[in-house]
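Let me begin by presenting the structure, written as structure tokens, before commenting on it.
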Amino acid sequence: GVVPFVALLLLQRRPVAGRALLVTSSSCPSHSLCRSNVQEQTRRQVALLNATAQDLFSLYLKCQGEPFSSESDELCNPSGVFFPAFRVNRTSERKEVMVAMYKLFAFLNASLGNITRDQEELNPMAKELLDQLHNTTKTTRGLISNLTCLLCKDYNIFQVHVSYGESSKGKRAFKKKQQGCQVLRKYVQVIAQAARILLPHLTPP
Amino acid sequence: MFSGWNWVAYGFCLLLNFSSLQVSGGLVQSCGHIIPESPVLALGSNFTALCILNESCLDFGNIYANQIIWKIKNQVVPKEQYREINRTVSSVTFNDTSSLATPLTCNILADGQIEQNIYGIAVTIGLPPEKPKNLSCIVHQVSKLIYPMTCTWNPGRHTFLDTHFRLKYRWPQDEFPDCIPKDVNNSCTITDVQFFVNLEVWVEAANALGKAESDRLVLDPIEIVKPLPPHNLSVNSGILPTVLKLSWENLISGAVMKLKFNIRYRTIGDGNWMQVPPEDTASPRTSFSVQGLRPYTEYVFSIRCMKEDGVGYWSDWSEEKTGVTTEDKPSKGPPIWRIIDASDSLVSWTVRLMWKTLEPFEANGIILWYEVTVRAKSSLSGPAEKYNVNTTNLTLKLPNGTYEVTVIARNRVGASPPSVLLIPASNSKAPVKAVRTLPKDGKLWVGWTAPNSYVLKYVIEWCLVSNSSDCIIEWQNEPGSVQGTYLRGDIKPFKCYLITVYPLYADGQGSGHSVKAYLQQDRPSKGPTVQTKKVGKAEAVLTWNHLTVDEQNGFIRNYTILYKTVDGNETAVPVDPSKTEYTLSSLTSDTLYTVRMMAYTDEGGRSGPDFTFTTQKFGKGEIEAIVVPVCLAFLLIVLLGVLFCFNKRDLIKKHIWPIVPDPSKSNIAQWSPQVPAKHNFSSKDQMYPEGSFTDVSVVEIEADDKKSFSEQDLKPFDLLKKEKSTSEGHSSGIGGSSCMSSPRQSVSDSDEGETTQNTSSTVQYSTVVLNGYRDQTPVQVFSRSESTQPLLDSEERSEDHTGGGDGTIQRQQYFKRSSGQDETNTDRPCFERTRQITPTNEEDLLGFAQLQISGHSSQLLGLGLEKNIQEAALPDVLQTSIEGQTLRPEIMEGYPLSADEMPKSYLPQTVRQGGYMPQ
């Protein structure tokens, strides 16, 4: 699941307008799979990510060794790294929330892919970390699929502009670890917010 | 198979083409080809092939399409299927490819009718794939984060072609690589799936004849998960003795899946599981307290889980874990029973109290001891005897009476309720009725009919009846509400059990009702050993002993006696099993019989050893009936013979032993000159007292010996006396033959005779007048002796010896005869004289000895005389053998006699003194 997203990341690094394209519902791909349970599936996916994010971040720090395990606050400060803005709240429109979620998890999917790639290179023996990174990446990929379905089915949105930031490829190991640490720390914060915001919007009527 | 044929066909075509190339490149040019090349055909479809000849061959070989011959595997295709399209193209059509085979060749009949192959193709026949059916998928959790999904389907019919199956799946916007089965065509496993995304799954089957897809399955993999069971299950005892707390870990995150659980448990040794109510464990959790358990009991627990909403699959059961509840006080008292032995004493009993250990679920812990209390019923207020016992029995010696016995079991927590048993003086209450048994399911069931009174409970006693061991009593309690139960014990088949049922009442107990039973019967181990008690001519009494209970193996239903002769058929006689004796009748006499005996149970019989006997030739009394008449007839004949002989004794005597004159009785003997005066022959009379004379009262004695008989003996001879008187009347007077003469008179006579003897030493003639023997008629014979030789001393001696008593008596007669007195009054003096004489001298004893011998030989007197005469030439013979008997010489030697006193006879003396007296 990483390779397609890397391609997507590279593609999206070009300046692309971040607006959704409206299409007719009949043109939504695989409409038969966009069933009523997608909302619940999406909520469960966000909840699952929220439930595992902190463990993932802790395990990541643990596997990177010093100084990350002892000075994570300083080294992993996310202010120095690109992270898509998530400016929605519980009162935001559902469509707006869905688009923001799409941008967030598209970014996370690409970033987790890059982090997984870097960790496979830097900590190939950290099986548990790699498993969790793989599993989280898969979940975000499924979440993107569901969000695409919801955007397409409910709002006929089949394309959303996504910003991915800077790739860690080619950087030094420490920088790769730090960038991953910064992204994951921000991920822990945002996923909790997303879970809170998304819950009322995805609760069945 | 088709694939194999294809390879063969291809090989063949390659060979053909290679040949064609060779030919075309060499001597012969390739003349054509077939289209389509190597077709794959659907089974049952039609097919047309074209053989196209090269133009070059037309001119060179003068070959045209009408000369083409189609062949399938060297078989010529019928011409009807050919069609000549033009002069270079020929087609062949097959309406059904099932008749087609490979290779299909195009041949041509060249000049000279030589068939040459132009081209050949391989034909593959098969079926298009069917639509895969019954697609289903399941997600097996293999670890906390890995969830492979396995899908299975029905691949459909065999296509005879290489058919490929692919499991396809995708998300709404994503396609995934196909899952290609390995080594199978009906399942494939996707290594990892993502939950909470609808997944579309389908199977595509494809071969050379087409493709087919299964129905599409849209599912969220979370709905088809079979999770791993909870692990690290632990069991902890709680505060209460009836509660155990289970704890475990779930291997699937609650964020992924909420779980519900099933908890099952059982006691150790029990194969049946109990389950905690599912509604109690329908929510996510990692622990649960199981309640309602038995105290101090070891339980086994296991747990499983599945998605909370019930969608998906249950996990496997987890590994089993055990836990033990804490102790509680015993829930009931031990069942109690007793054996009363009243045989030792009339005033007391030996009571053996027995109770059973409580079942674990009743003991609720480890029983430390039992408290036994015995209280006499007559003095319930009195002190009770208490015993603390570690075992399950207690033997007491109690005076006759009624007692109340209570037993309490104690463990660490507390005491059980008491068990009470009344030991009554007698079992006077109503017993149960109709005790019966029934083997069922390998166990022995005992049933009974309850008495009319209310029964508190029943005690069933049983023991194994055996010759080799005592009856060891086992027992069990049953509640009063039941009327049947299975015996709880090691009941063995083929063994006899004595089962007794006692009803226990609140105020006593009823007497026991017993029955014998077998769990399973078998044939007896052996048959009875039969033998004969008595064998007759036509019957035999057989006896046998009953089989021992160990040999019976079941209830002996009947005996059968089987007997036969050596060559006869076997006869069977059924016999009541209670009997030990049977009489076989109508047997053949003097015949060997073989008999054996079979004992039968419900399961069959077994024969005892063979026994043989022979019937008797004669029946009872038959021998006696033959022997007795024969003996009687023999005795009758003997008696008649004796009577005949007796009647004809004179005639017999006349012919057998005629009367020989006795010289001593001759008248000339009276002339004997010397009569030894002091030779007191009367002493011999003393030797024959009245009482003992009967022993020598031989009938053959001469009539003259009558004087030796008692009067009683002589009575029958009164007549003889008269006759004798008559005979005497005929005597010549030279010498009477009467023995009635007085010895004294005889002495005087002998004196006279001696004188006479002295006057003449030679005797020319003598006339001897013999008296008849008894009633014989005396024959008066006058014989003349021409001899001048005096009689030998030995002869006289011999005569004395042989004559014995006769001689002595004759000597007496001689003296009597000399008396010349009237015979009529001589008997009495003779006997009187006998009485008066006392045998005091030794001579008398010698004479007695001689007399005894003489007495024995008296019957042969006459003959002995002759014999003695013949042996008279033996002068030194002092002992005379008479009838084989020999006088003992010491008698003779011990009492040597002087010549004057020689008691031998008078005759020797006479002889010595001059021989016969002249008449």
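Note on segment A:145-181: residues that are within 21 Å of A:Gln54 (Cα to Cα) and either within 12 Å of chain B (Cβ to nearest Cβ) or touching a helix residue (DSSP H, G or I) at 6+ places or on another chain (Cβ under 7 Å) (or both) total 5. Yes or no: segment B:191-208 includes at least one residue that is closer than 30 Å to B:Gly323 by Cβ and aromatic (Phe, Trp, Tyr). No, because not a single residue in segment B:191-208 is closer than 30 Å to B:Gly323 by Cβ and aromatic (Phe, Trp, Tyr). Looking across segment B:207-223, just one residue is closer than 22 Å to B:Arg157 by Cβ and within 11 Å of chain A (Cβ to nearest Cβ), and that is B:Arg216.
Does segment B:160-201 hold any residues that are within 12 Å of another protein chain (Cβ to nearest Cβ) and aromatic (Phe, Trp, Tyr), and which are they? Within segment B:160-201, B:Tyr169, B:Trp171, B:Phe176, B:Phe195, B:Phe196 meet the criteria. Look at A:Lys186 and say whether it is among the charged types (D, E, K, R), under 12 Å from A:Phe83 (Cβ atoms), touching a residue at least 60 places away in the same chain (Cβ under 8 Å) and buried (at least 22 other Cβ atoms within 10 Å of the Cβ). Yes; evaluated as a whole, the condition is true for this residue. On the stretch given as segment B:136-160, residues that are over 15 Å from B:Asp220 (Cα atoms) and either part of a strand (DSSP E or B) or of a type in the set (D, E, K, R) (or both) total 5. The sole residue among A:Lys95, A:Lys62 that is in contact with a strand residue (DSSP E or B) (Cβ under 9 Å, 6 or more places away or on another chain) and of a type in the set (Lys, Arg) is A:Lys95. Restricting segment B:252-279 to residues that are surrounded by fewer than 18 Cβ atoms within 10 Å (Cβ to Cβ) and aliphatic (A, V, I, L, M) leaves a set whose member that is nearest to B:Thr297 (Cα to Cα) is B:Ile268. Would you confirm whether or not segment B:282-299 contains a residue that is outside any loop (DSSP other than H, G, I, E, B) and within 28 Å of A:Asn135 (Cβ to Cβ)? Checked against the condition, which is being outside any loop (DSSP other than H, G, I, E, B) and within 28 Å of A:Asn135 (Cβ to Cβ), segment B:282-299 yields at least one hit.
Does segment A:80-94 include one or more residues that are in a helix (DSSP H, G or I), away from chain B (no Cβ under 14 Å) and at pLDDT below 80? Yes. Among the residues making up segment B:105-119, a single one is over 15 Å from B:Cys57 (Cα atoms) and surrounded by 22 or more Cβ atoms within 10 Å (Cβ to Cβ): B:Thr105. B:Glu551 passes all but one of (1) touching a strand residue (DSSP E or B) at 6+ places or on another chain (Cβ under 8 Å); (2) within 30 Å of B:Trp445 (Cβ to Cβ); (3) acidic (Asp, Glu); which number fails? B:Glu551 satisfies every listed condition except (1).
When segment B:493-552 is limited to residues that are β-branched (Val, Ile, Thr) and closer than 30 Å to B:Ala430 by Cβ, the one that is surrounded by the most Cβ atoms within 10 Å (Cβ to Cβ) turns out to be B:Val501.
Is at least one residue of segment B:54-63 part of a helix (DSSP H, G or I) and in contact with a Cys (Cβ under 6 Å, 6 or more places away or on another chain)? Within segment B:54-63 (the criterion being part of a helix (DSSP H, G or I) and in contact with a Cys (Cβ under 6 Å, 6 or more places away or on another chain)), the answer is yes, since at least one residue qualifies.
Could you tell me whether any residue of segment B:255-262 is under 60 Å from the mean Cα position of the chain (by Cα) and outside the structural domain of B:Pro417 (by the TED database)? Checked against the condition, which is being under 60 Å from the mean Cα position of the chain (by Cα) and outside the structural domain of B:Pro417 (by the TED database), segment B:255-262 yields no hits at all. Residues in segment B:550-570 that are touching a residue at least 60 places away in the same chain (Cβ under 8 Å) and either of a type in the set (Asp, Glu) or farther than 22 Å from B:Leu519 by Cβ (or both): 1 in all. Scanning segment B:302-325 for residues that are surrounded by 19 or more Cβ atoms within 10 Å (Cβ to Cβ) and outside any strand (DSSP E or B) yields a total of 4. On inspection, B:Ala538 passes the criterion of being part of a loop (DSSP other than H, G, I, E, B) and small (Gly, Ala, Ser). With respect to (1) of a type outside the set (Phe, Trp, Tyr); (2) away from chain A (no Cβ under 14 Å); (3) more than 60 Å from the chain's Cα centre (by Cα), the lone exception for B:Arg266 is condition (3). Candidates are the residues of segment B:39-85 that are charged (D, E, K, R) and under 14 Å from B:Asn107 (Cβ atoms); the one that is modelled with the highest pLDDT is B:Lys71. Step by step: first the residues of segment B:502-530, then only those that are assigned to a loop (DSSP other than H, G, I, E, B) and farther than 30 Å from B:Asn477 by Cβ, then the one that is nearest to the chain's Cα centre (by Cα). Which residue is that? This residue is B:Lys526. Among the residues of segment B:225-249, those identified as over 23 Å from B:Gly365 (Cα atoms) and more than 14 Å from every other protein chain (Cβ to nearest Cβ) are B:Lys226, B:Pro227, B:Leu228, B:Pro229, B:Pro230, B:His231, B:Asn232, B:Leu233, B:Ser247, B:Trp248, B:Glu249. All of B:Pro181, B:Pro177 fail the test of being crowded, with 16+ Cβ neighbours inside 10 Å and over 60 Å from the mean Cα position of the chain (by Cα), apart from B:Pro181.
Residue-by-condition table, conditions (1) assigned to a strand (DSSP E or B); (2) more than 23 Å from the chain's Cα centre (by Cα); (3) surrounded by 13 or more Cβ atoms within 10 Å (Cβ to Cβ); (4) at positive phi:
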position: B:Ser578; (1), (2), (3), (4): no, no, no, no
position: B:Thr594; (1), (2), (3), (4): yes, no, yes, no
position: B:Ala599; (1), (2), (3), (4): yes, no, yes, no
position: B:Gln616; (1), (2), (3), (4): no, yes, yes, no
position: B:Ile626; (1), (2), (3), (4): no, yes, no, no
position: B:Cys631; (1), (2), (3), (4): no, yes, no, no
position: B:Leu636; (1), (2), (3), (4): no, yes, no, no
position: B:Lys653; (1), (2), (3), (4): no, yes, yes, no
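The values are calculated or read from the model by the stated rules, or taken from the named source; none is laboratory data. Keep in mind that what you see is a predicted model, and the values were worked out from it rather than measured. Counting neighbours? That spans all protein chains shown, and the Cβs are built from the backbone with ideal geometry, glycine included.
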